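Comments concern the structure below.
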Amino acid sequence: MNKLYTAVGRMQFKGRNQQMRCPMILLGNKEYILDMQEMMVWTVLNWRILSEDEIQTLYQEKEKETGYMTHRPVTECVRRLIQRGLIAEGCGETGADALYDLLSGLYIIPISENPILRAISFIRLTVFEKIPFSVTKRIFTRDKRSEDEKKVMALANRTTLSTAEVIKCMELKAFAFRTEEELVDTLYHDEYTTSENIAHSVRFLPQCRPVLTSVANLYLRRQIVFERR
């Protein structure tokens, strides 16, 4: 059985005093405070899709980098973060199955493409959050996208959609809808498709693989983050 993991939510810093700023994860408009080991594991998985062995390897590198050591196994920490919804897990007989299980139910949140907001965010992260320029430059460099990636981002910028919902929109060539009700009617127009089973119903549609590849690539290039509902 193949298993893949990734981080869910986004990191933010809270507190006005530079010496007292607390890192936390924002997920579904709720703030989660993590202990040091949990934050290290979450950071390892942020904008990455990893196996258990890869998590262990990168976590050990973080230990050497920070000098922080703990007796709690990394696997136990991962399990706790999964229970809290801050890490997503995908399982499958093949790597492709595990990737689909991982991403299909996650909601796609684009990182703002507004030039002014991007500039403000760049300055905030580089100057005030002290994130290295080499990192922020990579995050905010204008992305070169394939046609499928452009379509995924166009849909995600319209409203919050799961990967499975994007697959169905792409399959139906439904790129424009005036209201949420119209979108719901498009996605769930039949008697059997629901938000609980849509991932299963779109699994073998022709657009599944192009969308899954696009979503994974956009995430790995730090153009989107994942949320839950």
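The values are calculated or read from the model by the stated rules, or taken from the named source; none is laboratory data. Fair warning: this is a prediction, and the values are worked out from it, not measured in the lab. Glycine also receives a Cβ, built like all others from the backbone with ideal geometry; neighbour counts cover every protein chain displayed. What goes into the accessible areas is simple: the full protein's heavy atoms, side chains included, and nothing from ligands, DNA or RNA. Shrake-Rupley method; radii C 1.70, N 1.55, O 1.52, S 1.80 Å.
Descriptive notes on the structure:
- In the condition set (1) modelled with pLDDT of 95 or more; (2) under 18 Å from the mean Cα position of the chain (by Cα), LEU27 is compliant with all but (1).
- Pairs where the first residue, in the stretch 43-55, is more than 14 Å from LEU81 (Cα to Cα) and the second is charged (D, E, K, R) and modelled with pLDDT under 95, C-beta under 7 Å, 6+ apart: TRP47/ARG222
- Residue match in the stretch 80-88 (condition: assigned to a helix (DSSP H, G or I) and among the β-branched types (Val, Ile, Thr)): yes
- Residue in the stretch 75-85 that is under 12 Å from the mean Cα position of the chain (by Cα), in contact (Cβ under 8 Å) with a residue 40 or more places away in the chain and open to solvent by 80 Å² or more (accessible area, probe 1.4 Å) present: no
- Residue count for the stretch 185-229 under the criterion of being more than 17 Å from THR160 (Cα to Cα) and open to solvent by 30 Å² or more (accessible area, probe 1.4 Å): the result is 19.
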